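Colleague: Dropping a structure here in structure tokens format, bear with me for questions.
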Amino acid sequence: MRPVVVRRLLELREAKILETVHVRIVAESVGVSERTVWRWLAQARSSGRVEPAARRGGFVLDDALWSRLADLGGNVSALYRWMTGDQGAASVPVPSLATVLRAVRRDLRAGRGLEVARPARGYAGLDRYDRALAELALPGTVDEAGQALSVPAADQAVGTAASAASAVPAESEPAAAHTRLLFGRDVRLYAPGAHVVSTRQVGEVTEALAHTVAARGLLCVYGDTGHGKTVAVHQALGLLPRRLPVHQALVAVKPALPQLRAALLTAFGLSAPSLVNRTEAADRALIDALKNPGVLVIDDVQRIAAPELDYLRLLVDAPTTQASLVLCGAGAERTLARAPALASRVLTW
């Protein structure tokens with residue numbers, strides 16, 4: 001895959017139309033960082049070769065082991081345990097874990113793609129993104145005529161968010177982008193250089209979120225404290241289309257209705273101080289904000305009492321609501337059990 005994409009990027013560079021968005025698409029398609037793609041380009045320009053330099057000797061993961069690594073979500077330690085266990089039953093001696101790690105890093109730097117979901121980075125407008133896809137002309141992104149493939153039905157429903165966003169005044173766009181980027185960096189892993197590894201649980205949350213967003217429904221993510229609910233939700237949100245806005249409401253412990261209303265207004269970038277004491281105006285502003293497709297995330301929902309949860313149910317029940325609601329928290333299912341009206345609206349648990 002590396003020779004194909006590097007050759008195409010060099011052609012775009014020769015035509016003087018190479019942009020960062022082209023490199024970003026290639027990085028996401030191949031499964032490497034943007035910096036790695038830029039390094040490939042620099043090496044191709046200096047050496048005149050688009051293929052990676054061959055390496056003699058040393059341990060190399062064959063296709064079977066590489067496929068197994070992808071199935072394990074890119075977890076090299078899990079792959080090593082599998083190789084040294086009874087299931088691996090390798091016919092050749094297994095090297096040390098450090099050697100396997102070096103081999104994986106070497107292959108990734110050389111452009112070997114690992115099909116593991118990675119969070120999206122940055123933002124590109126819908127038209128610019130589709131134009132860049134057509135210019136790259138990667139396999140599977142264009143038809144025989146060189147035109148960009150049509151957007152699937154699931155993405156067309158989400159695509160209305162871009163149309164709605166284009167009607168928003170220009171001065172409000174930076175705030176929406178700021179909300180999305182801030183949300184993506186909110187999770188702390190408390191370990192230098194740590195990153196999220198795809199697991200079965202993360203995959204289930206990602207699938208549930210995608211289903212909920214497509215249906216514009218309500219999702220509840222629950223579990224014990226410290227089991228990674230928030231991390232999984234953030235990982236799944238990072239895989240949503242970039243044009244879909246994400247808003248996070250930060251709620252206090254046992255917030256009264258005015259406090260909850262203010263948190264929701266702040267999440268949508270509305271003026272909470274001027275609206276919090278004007279009940280009808282604040283409710284109308286929230287209902288108008290929920291008319292646009294997007295995702296509203298409320299973490300630590302167990303902090304909210306039943307009467308305030310019923311207020312969320314009223315917003316969800318509004319006939320014009322097009323946004324999806326994600327409720328996350330330890331014991332969230334017990335919290336919603338005290339608000340059966342809202343619990344009955346949950347599409348996915």
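The values are calculated or read from the model by the stated rules, or taken from the named source; none is laboratory data. Note that this is a predicted model, so its numbers are computed, not measured. Glycine also receives a Cβ, built like all others from the backbone with ideal geometry; neighbour counts cover every protein chain displayed.
Colleague: Give the residues of region 25-46 that are assigned to a helix (DSSP H, G or I) and in contact with a Gly (Cβ under 6 Å, 6 or more places away or on another chain), sorted by residue number.
Modeller: Listed by number, the list holds a single entry, 30.
Colleague: Could we say that residue 23 is more than 17 Å from the chain's Cα centre (by Cα) and closer than 24 Å to residue 106 by Cβ here?
Modeller: yes
Colleague: A further question on this structure: Please count how many residues of region 315-337 are out of contact with any Lys or Arg (no Cβ under 9 Å at 6 or more places or on another chain) and surrounded by 14 or more Cβ atoms within 10 Å (Cβ to Cβ).
Modeller: 6
Colleague: Going by the structure shown, is residue 246 in contact with a Lys or Arg (Cβ under 6 Å, 6 or more places away or on another chain), at pLDDT 85 or above and within 20 Å of residue 214 (Cβ to Cβ)?
Modeller: yes
Colleague: Further question on the same structure: Run residue 309 past the list (1) hydrophobic (A, V, I, L, M, F, W, C); (2) assigned by TED's automatic domain parsing to the domain that holds residue 217; (3) surrounded by fewer than 18 Cβ atoms within 10 Å (Cβ to Cβ) and report the number of the one that doesn't hold.
Modeller: So the condition that residue 309 fails would be (3).
Colleague: Can you tell me which residues in region 66-81 are more than 14 Å from residue 101 (Cα to Cα), in contact with a helix residue (DSSP H, G or I) (Cβ under 8 Å, 6 or more places away or on another chain) and of a type outside the set (Lys, Arg)?
Modeller: Result: 72, 73.
Colleague: While we're on this one: Which members of region 245-268 meet the condition of being surrounded by fewer than 19 Cβ atoms within 10 Å (Cβ to Cβ) and in a loop (DSSP other than H, G, I, E, B)?
Modeller: Within region 245-268, 250, 252, 253, 254, 255, 256 qualify.
Colleague: Still on this model: Quick one: how many residues across region 293-320 are free of Cβ contacts under 8 Å to residues at least 40 places away in the same chain and not hydrophobic (A, V, I, L, M, F, W, C)?
Modeller: 6
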